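Reviewing the structure listed below.
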Amino acid sequence: MAWDWDAAVDQYGWAVFSKGSANGSRYTIVDTPMTFYAGQERCQRLGGHLVHVNSLREQLFLEDFLKQSLHAAERQGRETFCS
């Protein structure tokens with residue numbers, strides 16, 4: 001399933017999943033390697049939490065978001081941290 005990314009990105013560059021919680025869910029990628037606890041703290045400082053998937057639809061949205069983001073990073077010549 002492909003998402004309309006122009007419509008699904010807010011003014012801060014976060015991906016928006018409108019079928020999430022009452023206010024929708026927003027996602028960003030922090031591309032700095034860190035421990036689970038450091039990542040959790042970083043998310044809290046940004047006003048959120050580490051991702052928690054609640055439905056298949058959300059899972060598919062996140063998979064597409066990650067693929068799109070990784071391809072964009074590779075096109076820009078940035079290193080990605082996936083194996």
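The values are calculated or read from the model by the stated rules, or taken from the named source; none is laboratory data. All values derive from a computational prediction rather than experimental measurement. Counting neighbours? That spans all protein chains shown, and the Cβs are built from the backbone with ideal geometry, glycine included.
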* Condition test on GLY77, is it at positive phi and either of a type in the set (Gly, Ala, Ser) or modelled with pLDDT of 85 or more (or both)? -> yes
* Structure fact -> Within the range 8-47, residues being assigned to a loop (DSSP other than H, G, I, E, B), modelled with pLDDT under 85 and small (Gly, Ala, Ser) number 7
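Which one of these is out of contact with any Asp or Glu (no Cβ under 8 Å at 6 or more places or on another chain), of a type in the set (A, V, I, L, M, F, W, C) and at pLDDT 85 or above: LEU66, LEU70, LEU50? I'd like the intermediate steps shown before the answer.
Numbers: LEU66 fails: at pLDDT 85 or above; LEU70 fails: at pLDDT 85 or above.
Result of the check over LEU66, LEU70, LEU50: LEU50.
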